[in-house]
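Student: Have a look at the structure that comes next, please.
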Amino acid sequence: MARLFITPREIDFISDLNKEIVKDIIGQKIYYYPVRADITSIHDIYEESIEKIFDPPVEIDALVDWSPAEIKTNKFGTDKFHNIEVRVHARDLSDKNFRMKMGDFISYGSIFFELTQVNTVSKIFGQVEHVTGYKLTGKQAREGLIDKKPLGPQALTYDTEPVVQEQFVQQRGAEQNDLGPTNDRRELQADGKLDTPLTGPKKVTNDGVSSSFYGDE
Amino acid sequence: MSTRFNTKRKYGDKSIDLGYSETGERVDVPSCGIEDIDRAFFNLFDKDIPIVYAKKDGEIKKVPIIFSTGERFAINRRKEPVRDKNGALIIPLVTISRTGLDQKADRLVEMGDIGTIDIKRRLSKEDAVYQRLINSQNFKNVDEATSRRENQTSAGRTLGGRLLEPSLGVGIYETITIPTPKFFTLTYEITLWTQYVQHSNDILTLIMSSYHNVKARTCRIETDSGYWFVATFDSDISTDNTFDNMTDDERVIKNSLKATVQGFIINPKLPGIPSGVRKLSSATQISFEIINGVNDQVQRGNVQDMRIDGHILDNIATVDDPVPLQAIGSSPSSQSAMAAGGLQTAGTSKILNPDTSVGDTGTSSTMVNSVTRTLTEDPITGQQVEITLKARRVSNAHGEEVLTNIRKTFKTNNDLKSR
């Protein structure tokens, strides 16, 4: 599409629409664990580290393409292995001055994944400087590769109770919501092209009846 | 059920000590294992062989060397990146991967499992006290001496109270032993990635020219702790390029060569493995004997003496001293003394068998044909004579020596003065 018709305002509009879908409607999150290679003791020949040092985890809104575990059964028993594909919003990452790298780790639920690929999804209308987002491909990280306590909601497992998300709160470009600072930025609001939403971020709680969406507040 | 590490062995047990029993004092020597050889082999390419290439602007740049084992995060965030900002590998590049480990080595290299091996023998710190007690240097005024001066053996050369040459006699020695090393063979594959045939030629020429032995294609690799091994390169260098299929593939030239290294494990320092290095001190020898005479000059040989007794005084030898040499009829300790600065070994007349001791119920050793020259007085005429004796038999167990008189020479007073 010609640059004559896809102006920076259109790019901002597309970006804000996607943020709204990901952050204010879907509400899936991953937790990103960056490895601090500069302070981790890395073996000088084998280039590996048994004890990695991580930065504090970062909560990132994402679209998670969940696939069931691959179960291999052989004479040693079963081996259950998960793969994951996650899409994250490119502008959201650049707003937070955050960059994802292969070899870092993410968690979704109680499972940790090592990022094996970080790939650009597509360009916005062929404009090379604008990308829609990144596709992260992860392979399950076995115990020992990363030993962290998982964050966020978790499914029921054999030995743990499910961890249920208590509430979901929209961001809608507000600096703060009920959960704290959002670090969310909507370009059209920031540029004064759109007004701030009058009703603010809505929320859903886990009592089964209270939902801003149904006008229960 | 047991392993080498926890085999029980009590005092007096006649079975072979596998090196991890409770006897002896534990000491430390640097460990050596698979990782050390990997590192030494990596350093051969990373530090020893100057693998460089010239860029377009004439800048000489070192080719990155990668050991192909790294974790993703570590490879992607190297201080010297091997990928450009778009994530593509920057070549030329040399990758090394270990392709195999064989639990045996060449039979010419691998030694049999004899339990423990002695790697070092030296004078114990307690030996000085012991030498003072036995007054080995025949000092006149030693209060603590247990023997009278006239009963002592002839001392070494002294001048002004200083010993001019080392004299190794009866003493307290400490021996350091280690379990028999485990030998193995590692195989490596080295791949050279280049974009240009010229770069490929340069790197291959460099590697082929750097062999210590050109015909055998070997290089000496050395670990940080000083152990060294020989890396032997296969003659064949395989080439894998994309010239035939450049429609679909990029133009990349890959050359691969294989190498083998015969290594060993010494004193592995891993959780759960006790140290196998021991220091054993020899028992003090008490000998009741009358010694009168001087040995013949020790034979010097042409072959370096590899027996550990020949290296007891290595720590006081200088770089200019000769190395201990092995010869038929010479003792290693005498060679050690000569190598450490001795002009001539002036030992005792005891024939080449240092094991004569009280209470020794070990195997009886016999040594024949050693010649001893003794200066004495004829008991009948009272005249000074030089009698050359030949030892026919020496028995430790019975403490007896059988000597045969083979020559008697009368000496004048002038002869005696000249000696």
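Student: Which pairs do you get when a residue that is surrounded by 17 or more Cβ atoms within 10 Å (Cβ to Cβ), found in region B:111-122, comes within reach of a residue that is among the small types (Gly, Ala, Ser), reach meaning Cβ atoms under 6 angstrom, with the pair 6+ apart or on two chains?
Tutor: B:THR116/B:GLY19
Student: On to the next question. Can you tell me how many residues in region A:71-90 are within 14 Å of the chain's Cα centre (by Cα) and surrounded by fewer than 13 Cβ atoms within 10 Å (Cβ to Cβ)?
Tutor: Qualifying residue count for the region: 0.
Student: Follow-up question, since we're still on this one. Take the residues in region A:155-174 that are under 17 Å from A:GLY27 (Cα atoms) and surrounded by fewer than 15 Cβ atoms within 10 Å (Cβ to Cβ), then tell me which one is nearest to the chain's Cα centre (by Cα).
Tutor: If we take residues in region A:155-174 being under 17 Å from A:GLY27 (Cα atoms) and surrounded by fewer than 15 Cβ atoms within 10 Å (Cβ to Cβ), then A:GLN165 is nearest to the chain's Cα centre (by Cα).
Student: Here's another thing I want to ask about it. Looking at region B:86-108, which of its residues are more than 20 Å from B:LEU204 (Cα to Cα) and more than 12 Å from chain A (Cβ to nearest Cβ)?
Tutor: B:ALA88, B:LEU89, B:THR99, B:GLY100, B:LEU101, B:ASP102, B:GLN103, B:LYS104, B:ALA105, B:ASP106, B:ARG107, B:LEU108
Student: Could you say which residue among A:PHE113, A:PHE125 is under 30 Å from A:ARG3 (Cβ atoms) and at pLDDT 90 or above?
Tutor: Selected residue: A:PHE125, the only one of A:PHE113, A:PHE125 that is under 30 Å from A:ARG3 (Cβ atoms) and at pLDDT 90 or above.
Student: As an exercise: evaluate A:ARG99 against (1) more than 25 Å from A:GLY173 (Cβ to Cβ); (2) within 14 Å of another protein chain (Cβ to nearest Cβ); (3) loosely packed, with under 13 Cβ neighbours inside 10 Å and give the number of the one condition it does not meet.
Tutor: Condition (1) is where A:ARG99 drops out.
Student: Which numbered condition in (1) within 14 Å of chain B (Cβ to nearest Cβ); (2) touching a residue at least 40 places away in the same chain (Cβ under 8 Å); (3) under 15 Å from the mean Cα position of the chain (by Cα) is the only one that A:LEU93 fails?
Tutor: Condition not satisfied by A:LEU93: (1).
Student: Please specify each residue of region A:118-151 satisfying the condition of being within 14 Å of another protein chain (Cβ to nearest Cβ) and not in a strand (DSSP E or B).
Tutor: Correct list: A:ALA141, A:ARG142, A:GLY144, A:LEU145, A:ILE146.
Student: Can you name the condition, by its number, that A:LEU115 falls short on among (1) within 15 Å of A:HIS82 (Cα to Cα); (2) of a type outside the set (Lys, Arg); (3) in contact (Cβ under 8 Å) with a residue 24 or more places away in the chain; (4) within 14 Å of chain B (Cβ to nearest Cβ)?
Tutor: All conditions are met except number (3).
Student: Filter region B:199-244 for residues that are surrounded by 12 or more Cβ atoms within 10 Å (Cβ to Cβ) and free of Cβ contacts under 8 Å to residues at least 24 places away in the same chain and give the result.
Tutor: B:ASN201, B:MET208, B:TYR211, B:ARG217, B:THR218, B:ARG220, B:SER238, B:THR239, B:ASN241, B:THR242
Student: OK, next. Cβ contacts < 7 Å: first residue more than 10 Å from every other protein chain (Cβ to nearest Cβ) and without any contact (Cβ under 8 Å) to a residue 12 or more places away in the chain, restricted to region B:58-73; second residue assigned to a strand (DSSP E or B) and small (Gly, Ala, Ser), any location; separation 6+ or different chain. Result?
Tutor: B:ILE60/B:ALA54
Student: Scan region A:35-50 for residues that are in contact with a Ser or Thr (Cβ under 7 Å, 6 or more places away or on another chain), more than 8 Å from chain B (Cβ to nearest Cβ) and charged (D, E, K, R) and report the count.
Tutor: Residues flagged as in contact with a Ser or Thr (Cβ under 7 Å, 6 or more places away or on another chain), more than 8 Å from chain B (Cβ to nearest Cβ) and charged (D, E, K, R) within region A:35-50 amount to 0.
The values are calculated or read from the model by the stated rules, or taken from the named source; none is laboratory data. This one's a predicted model, so the numbers in the text were calculated from it and none came from an experiment. Here the Cβ is made from the backbone with ideal geometry for all residues, glycine too, and neighbour counts use every protein chain on show.
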